[in-house]
Every structure is written in C-alpha cells, then in structure tokens.
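I have placed the structure first, in the form of structure tokens, so that the comments after it can refer back to it.
The values are calculated or read from the model by the stated rules, or taken from the named source; none is laboratory data. In this text, all values refer to a predicted model and were calculated from it rather than measured experimentally. Reconstructed Cβ throughout: ideal geometry from the backbone, glycine too, with neighbour counts over all protein chains shown. Surface accessibility is based on the protein's heavy atoms, side chains included, excluding ligands, DNA and RNA. Shrake-Rupley method; radii C 1.70, N 1.55, O 1.52, S 1.80 Å.
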Number of protein chains: 2
Amino acid sequence: MRKILLIAAIAVLTGTSAMSQELTNFNFRGRQRVVSPQVEGDKVTFRLSANHANAVNLTGNWLRGAVVLQKGTDGIWSVTVDAPSPEIYTYNFVVDGVSINDPHNFMVQRDGTRYLNMLFVPGERSENYFEANQRGTVAYKWYDSEILKMNRRLTVYTPYGYEKNSRTKYPVLYLLHGAGGDEEAWTSMGRAAQILDNLIEKGLAEPMIVVMPNGNPSQQAAQTLGLPTSNLNFRDPALQNAYVKSLCEEIVPFIEKEYRVLAKPESRAIAGLSMGGGHTITATNLYPDMFDWICPLSAAGNSTAEQINALKKAGVRLYFLACGTDDFLWEGSVTLDKTLTECGLDHVFFKSDGGHVWANWRYYLNSFAPLLFKQE
Amino acid sequence: MRKILLIAAIAVLTGTSAMSQELTNFNFRGRQRVVSPQVEGDKVTFRLSANHANAVNLTGNWLRGAVVLQKGTDGIWSVTVDAPSPEIYTYNFVVDGVSINDPHNFMVQRDGTRYLNMLFVPGERSENYFEANQRGTVAYKWYDSEILKMNRRLTVYTPYGYEKNSRTKYPVLYLLHGAGGDEEAWTSMGRAAQILDNLIEKGLAEPMIVVMPNGNPSQQAAQTLGLPTSNLNFRDPALQNAYVKSLCEEIVPFIEKEYRVLAKPESRAIAGLSMGGGHTITATNLYPDMFDWICPLSAAGNSTAEQINALKKAGVRLYFLACGTDDFLWEGSVTLDKTLTECGLDHVFFKSDGGHVWANWRYYLNSFAPLLFKQE
C-alpha cells in the first residue's frame, strides 16, 4: 500500500515538479491528519492518536503540573488549555507513564540528550524568533585545538550579505552556551540566527558574525555525533580554564583568519548564559584587553574589584549583566552588579521576570545585540 | 531537588572547566542510566523504562515484524535480537500502541516530518559513515530564486582544507534528495559529510564541494523551520521543471560566485536519488552541456535515445546508474541502461541488493564519489 502510494506520488511529482504541498499533508495510512498543537485565539489544543493507551498526560514548561487528556470515540486524546503568553515553549506527552514526543508536531528541539516538542505562541515578545526575510548562513566548522588535543566543532553565523559584500569586515560576537548544552544550543533553543536576522533586517543591530563554540572541554562536538570524549584529566591544574584558553587563544585567532572580521577589541563581544556566563567572566578576567563588549547572562561566576578595575582600565564599552529575579543564580548577579558599581564601571543590570530558562536567554540576546558595536 | 543538583553541578563545573563527561552520565533523577541500544558482538539489546505500560514492541527497518519486549522486575522492558549486518538502521518503540522514540538514544534522524532512532552497526560496509579525523564544513545558506519567487535554503559541504588552501578551486557535486526529503536529507540520513570526509582523507576521492539544495519547489526550506510554502501554481505549464531550472540557472551560478569552484562542465557532477534521480535526468536532458558526471540513483525518470545522444555529443565523462534489484523503480533503470547501451554511451549500471532505501543511497554515494573528477 505504502509502495503503491509512493509510486503514484513520485509519478505525479516528477512530471510536474510540484510536490511539497501535497506531501506535507500526505498521510500514507490514508487517515485524516491529526493537528497538534493548534493555537486558536487564546487557546491551544493538543491531540494524540492512541487508541490503546490507558492514560495520556501533557507536560509543558509553562504548566504547573501534568494536564490530563480525554479520549474521544475516534481514539484521539485531546485537551484544550489557555495559550501561554507569546514565547517558545516545550512540551511532551506522557503515555501510560512514558514521556514521548508529539508525533504530529515536527518542531522539535534537542536539549543535550533530550528531545522536546516546541510550541510557538506568536506575539510581540516572540516576533524576532520567527524567520526573517533576509537570512544569514549557519555553518558547522571544525577547529584544531592544541590546548584540548582535539578537532572540535563550532557554529558560525554570518549575516545576510556577507558573501556579496566581499570587502566588508564584520565585528564578532562570541556567544556561549550553558551546562548541558553544546554548539547547537544557541541556534536551536536560542533562535540566535533568527534573532540576529530580524534585528539586522530591521536596522536595529549592526551586521555581525556570531561564533558559538562547544563549551564542554572534553567534547569534540554535540553528543549527537557520538564522537569519543577527551582522555585529558581536567582536574590537572595545568588544564584549569582550558576551554576559556582555547576560546581566546585558538578560536578567536581561527575566526579572525577564516572570516573577514574586524580584529580588534572594539569589534569583539562576548556573551554567555549560566556556565557560559561563567566562561564570559573568566575570559574577560584572564584576557581583559580582548573584548570591549561583555554580557554575562544568568551567569555562574563572579569577579573581584581588582578584576573589574582591570576591565575598566582596558576600556570596556558595554557591560551588560542580565538575570531573572527568580533565577537561582540571582544573588551572584546582584553581587557582581554591586562590585561593578563600587568600581565605577558603567554597566547595565538587565533584570527580568522568571528564572534560569531559555525564554530569558532569547530575550536577553534580543535585548543586548542591538547595543553591540555601536559608535559612541 | 533538580535545582540543587544543578547548582552543585555548576559550582563544580565552573571552578574547573571540566564538565561534559560528568554531565553525560548525569541523571537528575538519581537513577542508574538505561543503555539502549547496546551492540555486543552479534547481538543488540534494546531497553525501555516503562513501569506502567501494558505492552512494548520494537519496530525496525531491518525487522520483518514487531518484536515483543519483556518487562523486568525493575520496570525496564528489554529484548535482545541478532544484530543486523553493518549499516545504519532506524527503529522505534511501540508503547501501548503508540510509536515513540527511544528516550535513551540521542541519535535521531528526521525523515520529512518523522523522527526515527538510529542504530549504528559498525563494520566494513559502514566505516565511512562514522566521523573521519579531518572534517569539512557543513553550511546552511540561502539563495534568492527569481524562478520560484522565494528565498530558499541549501546545504553546502566544503572539504577539510577549503579555508586554508585559499587559492585552490574545487569541483562541485550537486546532490539531490528524493520525495519527502529536503536540504538536510543527504547530510542526516545520507551521511554525506562523513562519507566525503572519509573518502577524501583516505585519498580515495578528490576534494570537492557538495551542494544539497531543497528539491521541493514550493518550499523555502525544511518543514522544521515552519516557513510558509509557495503560492505558485505548479500545474501552470510555464512552471514545468521550475526547480530544475532554478538548480541550473540560479543555484549553479550562485555557488560558482560564492565559492572557489572550477566553473566548467568537467568539474560539475550531478547525482540524485528517486525524485532527485528524476531531477538529475531532467537537468541533464535540459542542460546537456552543464554536467560531465551524471549519477541517477534509484531514479524516478527516464531519457529518450535522442536525449542520451545529446549527452554523448556533449562529452559526458561518467554516467553512473544505480538501482537495487528489489527497488520498485528497478524496471525504469533497466530501461535506461538499455537506452544507454543502444546509444553507445559508456556507463556503469551499478546493481545492488535491496530496494528504495537509504542504506543503498549511502552505499551508492560511497561508491561513485571516488570516480568523480578523476583525470582520464
């Protein structure tokens, strides 16, 4: 049956070159397509075809607990809930105690080793998370690290027009992920390419290159590739801050050689979330002259007055500290804000609602990227 | 609990920069990690933690029917089966009638709108599907199509050394997917980057650029991005072969402008599977002078003697026709082989076991890529 339908489909398609719209709604089993999730006004409906299941629940990162789905006479379970405010959310179904992805929703993101369905709720807050009209290139490249003794993958965003404007040199934002993430975290969960595309298209941000390395020093690349991890002993004091050293001594020179970049402190920015915020703070403390634009987000890390004074002396142009008031790392950001104030370093302490979540990190990127690389 | 563990983890990690190995095996729920699938010798074991399920089955593309898992006293269902021959396979669990991904296996591939777990069985046949030591760059770029009235995404592989060898110009393989696929199909299911990396590293294939466009003319990009599809009416005769025209009149010039390529027929190859094999045949019939290396794979399409003679006159250097003897398109390949023979066009008819499957398309790419762009 499937074979016959496929033959028929290919016969039609190759004749006319028209295929995708038909195929999008094509169901090889001949059933009506189940739509899930379905956002309508201020409600969203979730559906799952599971005729033999005993119980189906919905879990979502905006829900306070599991929501029970009801079974219809057609074997399709469903529930309608209030749509949360505009943002990107993640959810799963739980079928007879087993957490599963929604088979009707192909929008999935990977968080470390977990796959989660995405729910997009459109609105002002989330408008830059959707595709822009003019889009940059996202490339997965490999660099050789002498420090980490590995060939390692990083993600590089080049803005729309990079190829055409073949003499233009660009500033670079180094954008770092948190614990459990990898070099795909910011483009997948963080929507970094869409945010930059939209901000640049609207004239709100300077065209820039964004480099998103893998911040796990024992990894060559995201675990999905199944590459062996490092044999190095990272408890060896000689390897302290090895990843940050690789970032500043290997990745920055690699990018400045491979791409048309403005290779100077006023054209280098560094930002990172959580562990990546810690890496941001460590990098700027160890290499105070390297980055003029510094953005620790929900950061796991801190600086002494001496370290802040070194940055002040180096001439930092933006220190953008962001944290959610419910974040378990909030106190650390308050302490850092206090030190910055005491040292007299002009800075932004960007406070948001909520905690240690991607909704905040997307919002922070969307908020600080327009400030970067602006002429004074 | 989770929050506390996360704080502890981050506290340890940011202090030492050592994180990923610990985190890989980190289970926030404190349970022992379930390993699935586990290949041991000639057996493979699948496991699923599902204490409240009534029935768990395994489906796989190498299995003739569903295999029943047995529940252990610990609530973990498992089954051990004979490992299939070295290749990449896909599988799912079926829990109380609902098909799900294996939550313990983060190796997942997307086939159109379906996500499938991958089972890697190592061996000679599959050795080039694993990561090489020297890896090229995979980039997602966008080109403007006047013909299709859209900004469209394509995937570009540049070989290891492309950036360093800044004066070297490279030949280009245009590699086309089948119905239901998109611009990620060849890099995801087809392992195209790994195959080229390995072949080039071993000195078996010429360093080349590989361009993998989206062959669905109404799509801007893979459905995962959720972009609106085209409003064009592809039944309009004026839009006949619109995608193939965009490929030859827009994508080829775009690539030859954006990359350091050898822009001549003897440095252009075209290959495609199924619908993409049809596109390959259509492209070489409409533009017989454009590609000197032509590889229709399990192709949905055919050529007349007149069309083959035009290719012969144009001086094709390789015509590599491949099909599985169980493929439902086998007869079409036999017919094309016959026409090629009758026209006296030297060609390869590469016959394999099996049918219309990615195992064959990986195998074909691994087989014909070493033949491309060789000096006579």
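A few notes on this one:
- Output for the range A:111-139, where each listed residue is open to solvent by 30 Å² or more (accessible area, probe 1.4 Å), at the interface with chain B (Cβ under 8 Å from one of its Cβ atoms) and outside any loop (DSSP other than H, G, I, E, B): A:114, A:115, A:120
- Qualifying residue in the range B:73-96 (condition: of a type in the set (D, E, K, R), open to solvent by less than 50 Å² (accessible area, probe 1.4 Å), under 26 Å from the mean Cα position of the chain (by Cα) and within 11 Å of chain A (Cβ to nearest Cβ)): no
- From the list A:295, A:323, A:343, the one residue that fits, being crowded, with 19+ Cβ neighbours inside 10 Å, of a type outside the set (Phe, Trp, Tyr) and free of Cβ contacts under 8 Å to residues at least 60 places away in the same chain, is A:323.
- The set of residues in the range A:214-255 that are in contact with a helix residue (DSSP H, G or I) (Cβ under 7 Å, 6 or more places away or on another chain), among the hydrophobic types (A, V, I, L, M, F, W, C) and either within 9 Å of chain B (Cβ to nearest Cβ) or more than 14 Å from residue A:287 (Cβ to Cβ) (or both) comprises A:232, A:234, A:244.
- Of all the residues in the range B:188-206, those that are open to solvent by 10 Å² or more (accessible area, probe 1.4 Å), of a type outside the set (Gly, Ala, Ser) and assigned to a loop (DSSP other than H, G, I, E, B) number 4.
- For the range B:149-161, the set of residues classified as more than 10 Å from chain A (Cβ to nearest Cβ) and over 22 Å from the mean Cα position of the chain (by Cα) consists of B:149, B:150, B:161, listed by residue number.
- Qualifying residue in the range B:358-369 (condition: hydrophobic (A, V, I, L, M, F, W, C) and farther than 19 Å from residue B:208 by Cβ): yes
- Output for the range B:263-319, where each listed residue is among the β-branched types (Val, Ile, Thr) and over 29 Å from residue B:184 (Cβ atoms): B:304, B:308, B:316
- Residue tally, condition away from chain A (no Cβ under 11 Å), among the charged types (D, E, K, R) and assigned to a helix (DSSP H, G or I), over the range B:256-269: 2
- Matching residues, the range B:56-72, being surrounded by fewer than 16 Cβ atoms within 10 Å (Cβ to Cβ) and within 14 Å of chain A (Cβ to nearest Cβ): B:59, B:66
- Restricting A:184, A:201 to those that are within 20 Å of residue A:152 (Cα to Cα) and more than 9 Å from chain B (Cβ to nearest Cβ) reduces the list to A:184.
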